[in-house]
Amino acid sequence: MKKSAKKRERRRRAGPLYLRALKWIVYAASQMGGVAYGERELFVVNFSDLTSSGKRTALKAANLARCTCGCGMTLAQCVATDSTCPVREGNIERIKTMVKDAAQL
């Protein structure tokens with residue numbers, strides 16, 4: 001089978017283009033509402049004093065802010081996954097500050 005025939009067969013099995021695009025749109029929309037690293041992954045920070053909207057505010061902030069070591073990760077990602085980061089303790093403190101700020105809202 002030629003390359004172009006294989007490509008057509010793969011596309012045929014994957015479904016029509018509009019259906020594949022719709023699946024990606026639904027997936028992207030579902031990812032926008034959530035946070036990548038939540039309270040469970042950030043167990044070193046206490047979120048128990050916050051309301052559910054306060055938790056969401058603090059978690060969104062932690063998932064948007066960037067680590068300052070230059071790795072390109074978010075604060076939440078760094079604290080949850082990289083125990084060797086040289087500024088991890090500072091990142092934990094920054095997230096704790098975000099929690100305090102969210103509690104005051």
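The values are calculated or read from the model by the stated rules, or taken from the named source; none is laboratory data. Please read all numbers here as calculations on a predicted model, not as lab measurements. Heads up, the Cβs are rebuilt from the backbone with ideal geometry, glycines too, and the neighbour counts pull from every protein chain shown. Surface accessibility is based on the protein's heavy atoms, side chains included, excluding ligands, DNA and RNA. Shrake-Rupley method; radii C 1.70, N 1.55, O 1.52, S 1.80 Å.
Which whole-number percent of Cα pairs in the range 28-105 have a distance greater than 19 Å? The partial results should precede the final answer.
On the way: 898 of 3003 pairs.
Beyond 19 Å sits 30 percent of the P(r) for the range 28-105.
Ordering Tyr37, Tyr18 by accessible surface, largest first, gives Tyr18, Tyr37; the 1.4 Å probe counts only protein heavy atoms, with every chain in place. Between Glu93 and Arg66, the modelled label-to-label distance comes to 2.2 nm, taking each label 7 Å out from Cα in the direction of the beta carbon.
Rounded to the nearest angstrom and listed largest first, the equivalent-ellipsoid semi-axes of the range 41-86 from its Cα gyration tensor are 21, 12, 6.
Among the protein heavy atoms, those of Arg66 account for about 130 Å² of accessible surface (1.4 Å probe, every chain in place).
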